[in-house]
1. Run Val240 past the list (1) closer than 17 Å to Val103 by Cα; (2) out of contact with any helix residue (DSSP H, G or I) (no Cβ under 8 Å at 6 or more places or on another chain); (3) open to solvent by less than 10 Å² (accessible area, probe 1.4 Å) and report the number of the one that doesn't hold.
2. Among the residues of the stretch 334-346, write down those that are open to solvent by 10 Å² or more (accessible area, probe 1.4 Å), within 18 Å of Thr323 (Cβ to Cβ) and either of a type in the set (A, V, I, L, M, F, W, C) or in contact (Cβ under 8 Å) with a residue 40 or more places away in the chain (or both).
3. Starting from the stretch 307-325, take each residue that is at positive phi and list its partners that are surrounded by fewer than 18 Cβ atoms within 10 Å (Cβ to Cβ), counting only C-beta distances under 7 angstrom and pairs at least six apart or across chains.
4. Looking at the stretch 81-191, what strands (runs of 3 or more DSSP E) fall wholly within it and have at least 1 residues that are modelled with pLDDT of 75 or more and open to solvent by less than 30 Å² (accessible area, probe 1.4 Å)?
Amino acid sequence: MAATATALDFTYKYAYPSEVGELDDGFGLQLATCGAKHEQPYFFHGTLRSPREMGEMLLVLSDVVRTHFFLPRPPMTDPVVTGSESMLRFEGFSGCCGVYARVDLPAEAFDSEIQGRGTTNVDFNQPMRSALARLRDHDDAKLAVGKEGVELTKDDTRVVEKKVKLPIRWIKGFSEVQAYQPNMTIKLEAPAAEARKFIRSMPKSAAPKQPSFVTMTGRALRLSQREGRGAVKFAGTHRVKILEPLLSSAKSLRVWGDDETGVTGWEVLLKSGRFFLMLSPEVYRGFSGEGQVLSQLASSQWQDALPRVQAALEWQASLDADTLSEDLNFPRGEVEAALAVLGARGLAGFDANRGAYFHRELPFDLDRVEQLQPRLKNARKLVEAGKLRVLAEAKGLASGEADIEVAGTDVMHTVRLRNTGDKCTCPWFSKYQGQRGPCKHILAARLLTDGEEGEGEEA
């Protein structure tokens, strides 16, 4: 993987193409894998209890990954799968960085136990997509994630290579998206029949700047262009309509939301698992530039707990903060902060349904992701250059609160650190009001008060 200014060159190396067909022990779906170091992990081999549902979920996930919802461009990436004893999770991220999708398959979806632990890429090619669409529940279909005993060193092994450029914003977005989910709550829930009517009534395309609202009347979901009581605002009806194929066999549809950030989640509950779709607040906004993880990265609250929490990761399907706090002898707040930072570094995902993180490591080199945060880099430069000055303590400030002056270009900015929310007088903060994360001046002030870069000048 080689770095360029805006993208990383990456080559998927699969020992064989993924396919649906005859396996060694019968008909089924065999997914080729490719890890960060081009190894081919073997995760699972078992029989599907609901082949059609599985096929539909993976097909919609593939649709998300292959789509730029804002500007049409060719597909770039393959989904990733994380395995543990109790769950298989398939994750994908749209090329425009504004839509995240995940398929959660519990052990109950299979007739055999999930065997492998880890995270890897899986090959989603066009012939396999065509075959997925033909799966039916009466099929005696098996699933194989990886192939036991495949070695690239063998002369007769077929290697399927796909060379792509992974935009830095795509990789950052995959990490950034985890920061939103802990604050999301269920806003609406409708039975499958009503959900089908609602999704089918949506237009296939929508003006990127025109927001829509979903509300509930009795048991029915309604689409509106006006905000009403209990309505959930979202952008891009075509992004939600991608769920339509799943609703024929679904049990219900849940709509998640976060009023502060405007992010929404659309969760389809099925007999064999769940499909979770997460949308950015605007069609043209990707998660990669939102900066929600910056406050956690700039804080020192997690620094003592992080090494211990990271050492405790063993591909758990659910990481309980209370249990980790007790086992590691760290306050719950520090453990939660450490988990959030691990999520930002690609070492943990978040399951809003369970309200907990899960361990997974994205199969890309993510060591440089934190370094690629320009606001955080610029904030550290401000502190190192001595551009901050702590103002005389104002009356009535609580612990951890302060007023700090930060030197900008030909102007001085005032940062007010408050437990109820930080503010800055710079134009960037005035424009976004914290909806896209803190500005570099707030980050610098937090770095200073947390003591990362030493003491600053005091008035």
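The values are calculated or read from the model by the stated rules, or taken from the named source; none is laboratory data. Treat the numbers as computed from the prediction; the structure is a model and nothing was measured. All Cβ positions, glycine included, derive from the backbone under ideal geometry; neighbour counts span all protein chains shown. Side chains are part of the model used for accessible areas, which takes the heavy atoms of the whole protein and leaves out ligands, DNA and RNA. Shrake-Rupley method; radii C 1.70, N 1.55, O 1.52, S 1.80 Å.
1. (2)
2. Ala337, Ala340, listed by residue number.
3. Listed pairs, sorted by first residue: Trp315/Arg117.
4. Those strands (runs of 3 or more DSSP E) span 87-93, 99-106, 118-122, 142-145, 185-191.
Results for (1) part of a strand (DSSP E or B); (2) modelled with pLDDT of 65 or more; (3) open to solvent by less than 10 Å² (accessible area, probe 1.4 Å); (4) of a type in the set (A, V, I, L, M), shown as yes or no for each residue.
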| position | (1), (2), (3), (4) |
| --- | --- |
| Ala5 | no, no, no, yes |
| Asp9 | yes, yes, no, no |
| Gly21 | yes, yes, no, no |
| Gly46 | yes, yes, yes, no |
| Arg52 | no, yes, no, no |
| Leu58 | no, yes, yes, yes |
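Each row is one residue, and each column tells you yes or no for (1) open to solvent by 60 Å² or more (accessible area, probe 1.4 Å); (2) touching an Asp or Glu at 6+ places or on another chain (Cβ under 7 Å); (3) at pLDDT 85 or above; (4) in a loop (DSSP other than H, G, I, E, B).
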| residue | (1), (2), (3), (4) |
| --- | --- |
| Asp403 | no, no, yes, no |
| Val406 | no, no, yes, no |
| Thr409 | yes, no, no, yes |
| Arg416 | yes, yes, yes, no |
| Asn419 | yes, yes, no, yes |
| Trp428 | yes, no, yes, no |
| Arg436 | no, yes, no, yes |
| Ile442 | no, yes, yes, no |
| Gly454 | no, no, no, yes |
